[in-house]
Amino acid sequence: MEELYIKKVIEGDEHGYRYFIQRYQDMAFSIAISVVKDEFIAEEVTQEAFMKAFEKMHTFKKHSKFSTWFYRIIVNIAFRRLDKEKKWKNEPLVAVEDSVDESKFDTLEADERKFYINETLKLMSANESLALRLFYLEELSLNEIKDVTGWSNSKIKVVIHRARKSFYSYLNSLLKEETRLII
Amino acid sequence: MMGDFNDKRLKELLSDSKVEMPFSDFENNLMRRVKTELNGKRVIHKNLRLSWLFFLLGSVFGLAISIGLPTLKVELAGWELQSIKYPLMTIVLFIIIWQLEGLIKLTVRNRKFRSMS
């Protein structure tokens with residue numbers, strides 16, 4: 001199905017591209033926001049990535065999945081934008097926790113949980129939140145993450161390991177803060 | 001370390017927090033941009049082809065005039081057309097080279113842009 005639309009786009013049928021926009025816009029936005037952390041910048045990054053993918057569609061070699069190829073474009077544009085905005089965050093690792101405080105988390109409504117998880121991802125560094133999204137949410141293999149980010153296997157493992165700990169630490173500290181405010 | 005990564009709870013938490021595109025007009029805006037981009041490219045390509053066509057037609061016409069006109073035994077304001085053969089040819093050649101350079105630059109730039117994008 002995807003190949004048919006790729007062919008259409010290469011032949012200059014712009015309507016064929018609507019399929020890709022509808023299918024990948026949420027995922028693209030989710031990847032972009034995990035790097036740039038701002039909704040409006042993430043929207044611009046997503047739009048730029050879609051434009052680039054549209055223009056470069058003829059260079060897509062089909063050695064990998066379209067999604068992996070497209071992730072790479074988004075990640076490159078997002079990190080370039082992050083450089084431009086000078087919003088790199090490289091904090092030393094202080095995170096040691098590796099589970100969420102279930103007693104506090106279970107009392108939250110679904111919307112609140114979603115809010116806290118997204119706030120947690122915003123607090124994390126770009127590399128870490130990106131690694132979590134790619135590995136746990138998009139379920140990419142280490143090799144695919146390597147293709148997307150250009151990182152080495154060992155770097156990916158270290159980033160995911162740190163990201164898990166950071167995630168739980170930030171989430172627990174946000175939950176503690178919430179409890180403190182309620183009390 | 002890979003054993004640590006098998007964290008079902010984290011997977012659950014992240015899938016519960018899936019982010020969706022919050023801008024409802026995103027798809028239409030993007031399609032408009034795609035359409036504009038595509039039309040722009042088509043127009044540039046068409047204009048470039050027309051430019052080459054008119055350049056060739058103009059060059060042939062210019063050369064024909066500069067070669068053919070002086071062969072006519074006609075006087076123009078007391079001047080024999082034979083005497084303006086070389087100045088006319090110089091002017092025509094100058095224009096041809098000038099326009100050719102511009103067109104080559106434009107074509108190369110267009111190709112580079114297309115291969116970069």
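The values are calculated or read from the model by the stated rules, or taken from the named source; none is laboratory data. Keep in mind it's a predicted model, so treat the numbers as computed, not measured. Using ideal geometry, Cβ is built from the backbone for each residue, glycine included, and neighbour counts are taken over all protein chains shown.
A search for C-beta distances below 6 Å between a residue of segment A:106-122 that is without any contact (Cβ under 8 Å) to a residue 24 or more places away in the chain and any residue that is surrounded by 13 or more Cβ atoms within 10 Å (Cβ to Cβ) and among the polar types (S, T, N, Q), counting only pairs 6+ apart in sequence or on different chains, returns A:LYS114/B:SER17; A:ASN118/B:SER17. Restricting attention to segment A:52-77 and to residues that are farther than 24 Å from B:LEU38 by Cα and assigned to a helix (DSSP H, G or I), the residue that is nearest to the other protein chains (Cβ to nearest Cβ) turns out to be A:VAL75.
Within segment B:46-96, if we keep just the residues that are under 21 Å from B:ARG111 (Cα atoms) and of a type in the set (A, V, I, L, M), the residue that is modelled with the lowest pLDDT turns out to be B:LEU48. Within segment A:29-51, the set of residues being more than 8 Å from every other protein chain (Cβ to nearest Cβ) and part of a helix (DSSP H, G or I) comprises A:ILE31, A:ALA32, A:SER34, A:VAL35, A:VAL36, A:PHE40, A:ILE41, A:ALA42, A:GLU44, A:VAL45, A:GLU48, A:ALA49.
Taken over segment B:32-82, residues that are of a type outside the set (Val, Ile, Thr) and more than 19 Å from B:ILE96 (Cα to Cα) amount to 22. Given the criteria within 11 Å of another protein chain (Cβ to nearest Cβ) and surrounded by 11 or more Cβ atoms within 10 Å (Cβ to Cβ), does B:ASN29 qualify? Yes; evaluated as a whole, the condition is true for this residue. Filtered by the rule that a residue be facing chain B (nearest Cβ under 10 Å) and either of a type in the set (Lys, Arg) or surrounded by fewer than 16 Cβ atoms within 10 Å (Cβ to Cβ) (or both), segment A:6-25 gives A:GLY12, A:ASP13, A:HIS15, A:ARG18, A:GLN22. If you go through segment A:141-183 and keep only what is part of a loop (DSSP other than H, G, I, E, B) and either among the hydroxyl-bearing types (Ser, Thr, Tyr) or modelled with pLDDT of 90 or more (or both), you end up with A:SER141, A:GLY150, A:TRP151, A:SER152.
Look at B:ARG109 and say whether it is of a type in the set (D, E, K, R), within 29 Å of the chain's Cα centre (by Cα) and more than 11 Å from every other protein chain (Cβ to nearest Cβ). Yes, satisfied. Screening segment B:9-26 for residues that are hydroxyl-bearing (Ser, Thr, Tyr) and outside any helix (DSSP H, G or I) and picking the one that is farthest from the other protein chains (Cβ to nearest Cβ) gives B:SER24.
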